[in-house]
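The values are calculated or read from the model by the stated rules, or taken from the named source; none is laboratory data. Bear in mind the structure is a predicted one, so any value in this text is a computation, not a measurement. Glycine gets a Cβ as well: all are built from the backbone with ideal geometry, and neighbour counts include every protein chain shown.
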Amino acid sequence: MKVSILSGIFLSAMAVHSFAADNAIFSYKVGRIEVHMLVENQGPGNTSILINPDRAALDRYIPGGTYTSEVNTFLVKTPDRIILVDTGFGRALFDSMKTLGVEPAQVDAVLLTHLHGDHIGGLERDDKALFPKAKVYLAQQEKDYWIKPGTGNSAAKALAPYGSRVETFRPGELGAAIADLLPGIKAIAAFGHTPGHTVFMLESDGKRLLIWGDLMHAELIQFPVPDQSVSYDTDPLAAAAIRRRILAYVAQNNIPVAGMHLVYPAIGTVTAAGNGYRFTQAE
């Protein structure tokens, strides 16, 4: 049964779809894998992040000029591991984990979609690893781009306490035969938002879920107009191209998706609609 949790109180999923609050949790099953979407924060977004938006599309899809912006992480429980996909800012994350009965020391692995601050902020505090036993996995291409000797940037600082527990991989191509990164989890290249941006496919008992990181930031316009990129994208054209490719793939294969900037419950299904797509939230 899929439930949502807000400050420890169980609510119906429909009851909080528009509730702007931290510490919201939406739980979802993928075969024998449990997926818990954890809301780090939620607030108004601004269309100023959109690159050269079409005015007619803006008026149609975001007529007020603002939309709901959200930052999410995902806690994944497989039959033999506890895994985090991204760590958000590290603000509400630990309270949400506590609500689920999970301590930081129980986390076996942290999978990083990329190294932007709102995805790695929960990795360390005061130069100490906040997940003392976890291995941290990220794409080699992402590490190569952000971690330069002597730069001392925030990405390097976030990874440093994990030392040899940082493991890199080269994500596979969408639709190709890919070996599991961890049992039931495949890493797939989605370069564009950043040079090593990675999405993760979960699979169990014939069920799948694609956790797609930052494939989109403003869902109200980016589902119907997938070519719309944002100023956060390192390569806006590549980001638009992979967004269209992934949207087509999940729609054709009926694969539910989950996103770090989709709005609560941040999990749902994609269907083709004209030249774009329609997103239906999970319940």
Checklist entry - What residue, of Gly175, Gly101, Gly184, is at positive phi and either among the charged types (D, E, K, R) or without any contact (Cβ under 8 Å) to a residue 24 or more places away in the chain (or both)? => result Gly101
Next on the checklist: If Ala258 satisfies all but one of (1) in contact with a strand residue (DSSP E or B) (Cβ under 7 Å, 6 or more places away or on another chain); (2) surrounded by fewer than 16 Cβ atoms within 10 Å (Cβ to Cβ); (3) farther than 30 Å from Asp127 by Cβ; (4) in contact (Cβ under 8 Å) with a residue 24 or more places away in the chain, what's the number of the condition it fails?
Outcome noted: (2)
Next on the checklist: Being farther than 24 Å from Leu38 by Cα, small (Gly, Ala, Ser) and surrounded by fewer than 23 Cβ atoms within 10 Å (Cβ to Cβ) is the requirement here; does Ala273 meet it?
Outcome noted: yes
Item to check | Enumerated strands (runs of 3 or more DSSP E) restricted to the stretch 1-56, each holding at least 2 residues that are modelled with pLDDT of 70 or more and of a type in the set (A, V, I, L, M, F, W, C) | outcome: 24-30, 33-46
Checklist outcome for this item: Residue count, the stretch 83-106, condition more than 18 Å from Gly259 (Cα to Cα) and crowded, with 22+ Cβ neighbours inside 10 Å, comes to 1
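Looking at Ser204, Ser154, Ser164, which is the one that is of a type in the set (Gly, Ala, Ser), touching a residue at least 40 places away in the same chain (Cβ under 8 Å) and farther than 27 Å from Ala57 by Cα? Working first, answer last.
Values: Ser154 fails: touching a residue at least 40 places away in the same chain (Cβ under 8 Å); Ser164 fails: touching a residue at least 40 places away in the same chain (Cβ under 8 Å).
Within the list Ser204, Ser154, Ser164, the selection yields Ser204.
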Next on the checklist: Can you tell me which condition Ile49 does not meet? The list is (1) touching a residue at least 40 places away in the same chain (Cβ under 8 Å); (2) of a type in the set (A, V, I, L, M, F, W, C); (3) surrounded by fewer than 16 Cβ atoms within 10 Å (Cβ to Cβ); (4) within 22 Å of Leu138 (Cβ to Cβ), and all the others hold.
Outcome noted: (4)
Item to check | Residue identified as among the small types (Gly, Ala, Ser) and surrounded by fewer than 20 Cβ atoms within 10 Å (Cβ to Cβ) among Gly184, Gly172, Gly192 | outcome: Gly172
